[in-house]
Each structure stands twice: as C-alpha cells, then as structure tokens.
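K.L.:
Sharing a structure here in structure tokens format.
The values are calculated or read from the model by the stated rules, or taken from the named source; none is laboratory data. What you see is a predicted model; the values in this text were computed from it and never measured. Note: ideal-geometry Cβ built from the backbone for every residue, glycine included; neighbour counts use all protein chains shown.
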Amino acid sequence: MNNLTLRQLRYFEALARHGHFGRAAEACAVSQPALSLQIRDLELSLGAGLFERSPRQVRLTRFGEDFAPRVRDILRAVDELGDLARAFQGWFAGRLRIGVIPTVAPYLLPGLVRSLNRLYPALDIHVRETLTARLLRELSEGRLDAAIVALPVSEPSLSEAPLFVEEFLFVRPLEQASEPLPSADMLKDMRLLLLEEGHCFRDQALAFCNLAPAQPREMLEASSLSTLVQMVAAGIGVTFIPEMAAPVETRSAAVALSRFARPRPRRTIGMIWRRSSPLAGQLHDIAGIVRQTAEALRAAPGQAQPA
C-alpha cells in the first residue's frame, strides 16, 4: 500500500473515465503499455482488481467503483495545492480550465480568449465546450476550474456570478416577416424546431411555450443553433435563438427575427466555480472580464437589433 503514486492514481482516473486503455493512454500522453503497467502495479499494491477487462471494454470492479470517488478527491486536493500557491502569489499564470455551454461558446469565446491573452499572457487557457450536466460533473471532479452556464444551477458546493441577461429571439422564414407575432400559446400549434435533449436552452424554450419536455409533438431536433436557423430558412418551421447568437447565425440565412411582447423570454448567463477553490478570488476577477466581453459584443456596430 505504501507504493501508491500520484501517477498511478491519475492513470487509474483516466482509465475509469474513458473505459478504454488506448483513449486513457492518449489522454495521459503516454504509451498504452506504460499505462497498463502502472495500472497492474497499482492493483498489485492494493491486492485487489480494479478493472474487468474485455476485448472491447474496460469496466470497474465493485472495488474499483468504491475506489474511484476517493481517487478523484485526492487528485482534486493535489491540484488545489498548486492553485493555492498561484492564489498566494496574487497574479494570473499557469493553466485555466474553463467550460462553456454550446449556445454561448461560439459567440463569446473568441473575444474572451483575446482579452484574457492580452491581460494575462502567462495564463494557459484550456476551453471545454459541452452540455451543462457534463460541465457540472467535470467541475465537481476538479477537471475544470470554472464554467459558463445558464443560471441558476443551485448547487450548494458552487459559487455563482451572474454575467449578463439575454433575450430569446423568434426566428421564422423571411416571407413570414409581416405576419403577426404568435403568442406563447399559439406556438404550441406550430412546428417548433429545437435543440436536442440535454441543452438547457431547449428546456427554457419549452418552458416559455408551456410545453412539457416529454410532451409528444412534431418537431425537428438539432445539435446546433446553426442547423436550426438553416432549417427555418428552408421553410421547415420556426425556432428561438439567444440574442448573442443572432448576428452570427442569421447573417447568411433568409430569416426574420422578432422580439416577443413583454414579459419576454430570457435567460441569465453566469460563471460558476467550486466554493473550495483556492482560485476563487482570481475567478471572480475573470468573471468580470467575461462580463465586459459580453457587454462589448452587445454594443458592437454589427449587433442585430430586431424590432
């Protein structure tokens, strides 16, 4: 038991997460034989098997399942020791791992990364774009330092910093631009095109229409806002997009944008991080830079201003 090493624990965590020796080795930037050897030595030190091996898949044993969360806690604590040293120095350097939901990332990230690189050239920025549920899991496991998501997330272990509020815009074919704007109740009878399940923006749009997520209806689902807007341009249906996405997604599509009557559908975007993070002070400052970047985007001359 005294022979356990951090390297072995990191390799174990990668293999438990990926369920595949090749992908785990790639994630750890080592050869597959080297990773396999360390896992075998770890199992010998523990005196128990951690994985069930098959030609196509690697699964945790019962012992491995109990072992995994403790390993993640150890690795997170070790990483936070480095964060503590960085926080004590009072300046921004080293790795910053930030996650962003897909309905924000393409529009906010270019300006944000430029601002961070200009203000903190010693910062090594790693970006992860994925759905909210995955971001929350990776944040809690210590694989992310912060995430930009729709609020609230209502996790007691996380701090939330609101960044900006944006409205949802109604998107319909250009030839329908002169028609009266439908009410939320009328949308129930229209072919509503939405993002696939797992996107919080989908749930927010359904809530505005008073539709249950599981309610059967004729609709097209897509993995991106770009696909939705192009489907609307083709006359297949109507959709919503967040205000920040409008200039990018509608510049080459024959669609009309409209704002709903008040109270308009909207969402609050914020940044979250672990309350226990030693970098909490620096992350709060970075949240301020995110907020400034979003404000600059909204004030840009090319920003769409639908009636």
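K.L.:
How many residues are farther than 30 Å from Arg137 by Cα, small (Gly, Ala, Ser) and either in contact with a strand residue (DSSP E or B) (Cβ under 8 Å, 6 or more places away or on another chain) or not assigned by TED's automatic domain parsing to the domain that holds Leu194 (or both) if we restrict to region 239-295?
P.N.:
Qualifying residue count, region 239-295: 3.
K.L.:
Across region 119-142, which residue is farthest from Glu80 (Cα to Cα) among those that are among the basic types (Lys, Arg) and outside any strand (DSSP E or B)?
P.N.:
Arg134
K.L.:
So, of the residues in region 1-42 that are under 18 Å from Arg72 (Cα atoms) and of a type in the set (Lys, Arg), which turns out to be surrounded by the most Cβ atoms within 10 Å (Cβ to Cβ)?
P.N.:
Applying the filter and picking the extreme gives Arg10.
K.L.:
Out of Ile148, Ile98, Ile125, report the one residue that is more than 12 Å from the chain's Cα centre (by Cα), of a type in the set (Val, Ile, Thr) and either outside the structural domain of Ala14 (by TED's automatic domain parsing) or at pLDDT 95 or above (or both).
P.N.:
Criteria check complete, one pass: Ile125.
K.L.:
Only one of (1) farther than 14 Å from Leu4 by Cα; (2) surrounded by fewer than 16 Cβ atoms within 10 Å (Cβ to Cβ) is not met by Ser45, so which one is it?
P.N.:
Every listed condition holds for Ser45 apart from (1).
K.L.:
Next up: From Leu116, Leu44, grab the single residue that is part of a helix (DSSP H, G or I), within 22 Å of Arg291 (Cα to Cα) and outside the structural domain of Ile241 (by TED's automatic domain parsing).
P.N.:
Leu116
K.L.:
Next question, about the same structure. Can you run down the residue pairs with Cβ atoms below 7 Å, 6 or more apart or on separate chains, where the first is in region 196-210 and without any contact (Cβ under 8 Å) to a residue 24 or more places away in the chain and the partner is of a type outside the set (Ser, Thr, Tyr) and surrounded by 14 or more Cβ atoms within 10 Å (Cβ to Cβ)?
P.N.:
Partner pairs satisfying both residue conditions: Arg202/Leu194; Arg202/Leu195.
K.L.:
Working carefully through the options Val78, Val71, Val104, find the one that is among the β-branched types (Val, Ile, Thr), touching a residue at least 40 places away in the same chain (Cβ under 8 Å) and touching an Asp or Glu at 6+ places or on another chain (Cβ under 6 Å).
P.N.:
Result: Val71 is the single residue among Val78, Val71, Val104 that is among the β-branched types (Val, Ile, Thr), touching a residue at least 40 places away in the same chain (Cβ under 8 Å) and touching an Asp or Glu at 6+ places or on another chain (Cβ under 6 Å).
K.L.:
Moving on. Just to be sure I understand the filter: pairs with C-beta atoms under 7 Å, separated by 6 or more residues or on different chains, first member in region 145-169 and among the β-branched types (Val, Ile, Thr), second member in a loop (DSSP other than H, G, I, E, B). Which pairs pass?
P.N.:
Close Cβ pairs satisfying both conditions: Ile148/Ile101; Ile148/Val104; Val149/Ile101.
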